[in-house]
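Written out below as structure tokens is the structure these notes cover.
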Amino acid sequence: MKRSSQFIVVGILAFLSLALLNESKGQTLEGKYPLFIFSNAFQQPGEQAVSLAKQAEWLRHYGYAGIEYNDPATILAGKKIFAEEGVKIFTSYVSVTIDDAPFYDARWHDIIPHFANQDWIIWVNVRSQRFDPSDPAADERVVAILSELAATAQAHGIRIALYPHYGFLVETPSDAYRIAEKIDRPNVGVTFNLCHFLKTDDAQNIENSLRQILPKLFVVSVSGAEAGATRRMGWDQLIQPLGKGSFSVLEFVRMLKKLGYRGAIGQQCYGIELPPEQLLRESSRAWKVLTE
């Protein structure tokens, strides 16, 4: 074979190899997960308030797809400001207390139509002083309250995801799934919160929990965390910037991929004592390592 022909063959093989590499990277499912930040990223202790315009600018600059935002007084103004930077509100954290009416802030009924058919999720945490965490005796009351909210949401093409929270009535993914099953609406599902799961269960049970709730799994949240006896750990160990801690968030994301999860992923930031921009910058770099 002539030298020029050899160069051509080598060049073609190199091109094909690069193309296959790029194609395989493009098909890595982790990279397709939109990452949004919890609004508590901008509420760190001792830090000055960050304007909505600056929040939106930082989210776009550091590659976040959007934010969780839960202030009913300013959410519509925030929605417009975030949209101007090409980011969105993915979820809104709504507290429901089942003991006495009003069970939740009635302003959400007025807000819902403004998010019609925009893939916005109402994140519902459920609390009670009368019932212990995970008590199924409260299910009938929870179902009645959430069914009314779910009907309004469904009329506008909006989903609700129960948010399991340590110490709350709906404390575990199993609690959330049980109640979602009883509500039995297509727009009602559940959330898997990594930090709250590690506070109530053992890491070795994560996959079984995900498999149980997968039919109704709408959204996932993650954070850096320590591995080990997590139920005895504090939030400073279970909620860290991405890239910190000995728990493998990479393996967790790979597990989501294997199981076929297709939704968004939120980054929990409660109590992290870092300036907000530094937190976004360092965590976005760590996320790129996980998804490239």
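Just for the range 226-240: of the residues that are of a type in the set (A, V, I, L, M, F, W, C) and in contact with a Ser or Thr (Cβ under 8 Å, 6 or more places away or on another chain), which one is surrounded by the fewest Cβ atoms within 10 Å (Cβ to Cβ)?
To start, the set of residues in the range 226-240 that are of a type in the set (A, V, I, L, M, F, W, C) comprises 227, 229, 233, 235, 238-239.
Then keep just the ones that are in contact with a Ser or Thr (Cβ under 8 Å, 6 or more places away or on another chain); that gives 227, 238-239.
Working: 227: 13, 238: 25, 239: 28.
Per the stated criteria, the residue is 227.
Taking the condition of being open to solvent by less than 10 Å² (accessible area, probe 1.4 Å), touching a residue at least 40 places away in the same chain (Cβ under 8 Å) and either in contact with a Ser or Thr (Cβ under 7 Å, 6 or more places away or on another chain) or more than 15 Å from residue 113 (Cβ to Cβ) (or both), how many residues in the range 144-164 meet it? Spell out how you get there, then give the answer.
Initially, the range 144-164 is screened for residues open to solvent by less than 10 Å² (accessible area, probe 1.4 Å), giving 146, 149-150, 153, 158, 160-164.
Those left that are additionally touching a residue at least 40 places away in the same chain (Cβ under 8 Å): 146, 149, 153, 158, 161, 163.
Narrowing the set further to residues that are either in contact with a Ser or Thr (Cβ under 7 Å, 6 or more places away or on another chain) or more than 15 Å from residue 113 (Cβ to Cβ) (or both) leaves 146, 161, 163.
Within the range 144-164, residues that are open to solvent by less than 10 Å² (accessible area, probe 1.4 Å), touching a residue at least 40 places away in the same chain (Cβ under 8 Å) and either in contact with a Ser or Thr (Cβ under 7 Å, 6 or more places away or on another chain) or more than 15 Å from residue 113 (Cβ to Cβ) (or both) number 3.
Output the number of the condition that residue 118 fails; it satisfies all remaining conditions of (1) assigned to a loop (DSSP other than H, G, I, E, B); (2) over 25 Å from residue 188 (Cβ atoms); (3) not basic (Lys, Arg). Condition not satisfied by residue 118: (2). Being assigned to a helix (DSSP H, G or I) and surrounded by 13 or more Cβ atoms within 10 Å (Cβ to Cβ) is the filter; apply it to the range 12-52 and report the residue that is modelled with the lowest pLDDT. For the range 12-52, the residue satisfying everything is 29. Going by the conditions given, is residue 167 open to solvent by less than 70 Å² (accessible area, probe 1.4 Å), over 23 Å from residue 268 (Cα atoms) and within 21 Å of the chain's Cα centre (by Cα)? For residue 167, the condition - open to solvent by less than 70 Å² (accessible area, probe 1.4 Å), over 23 Å from residue 268 (Cα atoms) and within 21 Å of the chain's Cα centre (by Cα) - is not met.
What is the residue count in the range 98-143 for residues that are under 26 Å from residue 75 (Cβ atoms), surrounded by fewer than 17 Cβ atoms within 10 Å (Cβ to Cβ), among the hydrophobic types (A, V, I, L, M, F, W, C) and over 22 Å from the mean Cα position of the chain (by Cα)? Residues that pass the stated criteria total 2.
Entry remark, the range 197-213: residues being open to solvent by less than 10 Å² (accessible area, probe 1.4 Å) and closer than 19 Å to residue 237 by Cα number 3 in total. Within the range 206-219, residues that are touching a residue at least 12 places away in the same chain (Cβ under 8 Å) and over 10 Å from residue 255 (Cβ atoms) reach partners that are among the charged types (D, E, K, R) and surrounded by fewer than 19 Cβ atoms within 10 Å (Cβ to Cβ) with beta carbons closer than 9 Å, at six or more positions or on different chains, in the pairs 209/201; 216/181. In the condition set (1) more than 15 Å from the chain's Cα centre (by Cα); (2) surrounded by fewer than 18 Cβ atoms within 10 Å (Cβ to Cβ); (3) closer than 15 Å to residue 40 by Cβ, residue 243 is compliant with all but (3). The set of residues in the range 57-76 being in a helix (DSSP H, G or I) and open to solvent by less than 60 Å² (accessible area, probe 1.4 Å) consists of 58, 59, 75.
The values are calculated or read from the model by the stated rules, or taken from the named source; none is laboratory data. These figures come from a predicted structure and were not determined experimentally. All Cβ positions, even for glycine, are placed from backbone atoms using ideal geometry, and neighbour counts span all protein chains on display. We work out accessible area using only protein heavy atoms, side chains counted, and drop any ligands, DNA or RNA first. Shrake-Rupley method; radii C 1.70, N 1.55, O 1.52, S 1.80 Å.
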